[in-house]
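Below you'll find the structure, written out as structure tokens, and then a few comments.
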Amino acid sequence: MALLDDLKQRVTDGDAPGTVALTKELMASGVAPETILNDGLIAAMAHVGQLFESGEYFVPEMLVSARAMKGALELLRPALAAANVQAIGKIVIGTVQGDLHDIGKNLVAMMMEGAGFEVIDLGVDVSPDKFINAVGTHKPNFIGMSALLTTTMPKMKTTIEALKAAGLRDSVKVMIGGAPVTEKYAAEIGADLFAPDASSAANRARQALVG
Ligand code: B1M
């Protein structure tokens, strides 16, 4: 459909007003909210992820696309809820205790939303206890932890230990990331998944869930 192709292009271009206007138009013309979400917004964010991975897009381009997507998602959310459209999974995400960096974490959260996940964002400086409580309350498929400081990375391990102590470790997959974090570190501390960037974070979470 031409309007859906247009919508994908607007998101890819990071044109937030255009994305919102087209989403309104599609909704008014009776296109199902699920179609707008899956064939418009999510398809566009998958394309943006590919452009990032191929080196054509960088963080700023990905951010403006994600913001455009978010604006449309706000409009769609009530219609999606009314149509009982289920998210593909749920992730509780936050920057670990002692760490205030949130630009990368926010980008990961937005790409996750773009991939169809429900995201519960706990913000920054999130203590192990707060992660544990959120797992109890929201029963997510994933916990996502971000750290930008070498001094706060160990809180990822502390949180995993706390999950074990609370008997919740087997109920969630743990994904970690952030500039100083590596695949090796993830293996060392017993995390399930590592992602080097927001696009692969969304891809790896989706793969871990649907195979
Ligand atoms: Co900070 N800072 N900072 N800082 N800061 C760094 C991280 C640093 C490398 C700068 C440097 O010295 N070269 C350095 C850390 C050194 C170290 O630990 N070895 C540093 C320092 C030292 C500090 C302070 C201690 C400075 C001070 O006060 N003396 C202080 C600490 C405050 C605290 O947290 N307690 C501090 C403060 C700040 C600001 C508040 C000023 C600001 C943060 C603003 C904010 O986030 N709202 C800031 C910034 C902006 C940076 C740099 C310049 C940029 C970080 C960023 O946003 N990058 C940073 C230098 C750098 O990284 N080059 C630096 C862009 C972002 C898109 O990338 O966050 O890596 P990134 O996220 C990527 C991937 O890592 C991945 O996907 C993202 C998108 O592709 N990813 C995940 C991230 N989380 C993930 C989670 C996943 C999966 C993937 O799964 C869940």
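Scanning segment 173-188 for residues that are open to solvent by 10 Å² or more (accessible area, probe 1.4 Å), more than 20 Å from residue 103 (Cβ to Cβ) and hydrophobic (A, V, I, L, M, F, W, C) returns a single hit, 187.
So for segment 155-162 (the condition being open to solvent by 10 Å² or more (accessible area, probe 1.4 Å) and closer than 25 Å to residue 53 by Cβ), does at least one residue qualify? Scanning segment 155-162 turns up no residue that is open to solvent by 10 Å² or more (accessible area, probe 1.4 Å) and closer than 25 Å to residue 53 by Cβ. Of the helices (runs of 4 or more DSSP H) lying entirely inside segment 96-211, those containing at least 2 residues that are more than 8 Å from the ligand (Cβ to nearest atom) and closer than 28 Å to residue 74 by Cβ are 103-114, 128-138, 198-210. Screening segment 72-111 for residues that are at pLDDT 90 or above and closer than 19 Å to residue 24 by Cα and picking the one that is least open to solvent (accessible area, probe 1.4 Å) gives 72.
Considering (1) over 16 Å from the mean Cα position of the chain (by Cα); (2) over 24 Å from residue 124 (Cα atoms); (3) crowded, with 18+ Cβ neighbours inside 10 Å, the lone condition that residue 52 does not fulfil carries the number (1). Of all residues assigned to segment 29-44, none qualifies as being within 16 Å of the ligand (Cβ to nearest atom), in a helix (DSSP H, G or I) and in the same structural domain as residue 8 (by TED's automatic domain parsing).
The values are calculated or read from the model by the stated rules, or taken from the named source; none is laboratory data. Predicted model, so just to flag it, every value in this text is computed and none were measured. Cβ sites come from the backbone with ideal geometry, for glycine too, and all protein chains shown count toward neighbours. Ligands, DNA and RNA are stripped out before the accessible areas are found, and what is left, the full protein with its side chains, is counted by its heavy atoms. Shrake-Rupley method; radii C 1.70, N 1.55, O 1.52, S 1.80 Å.
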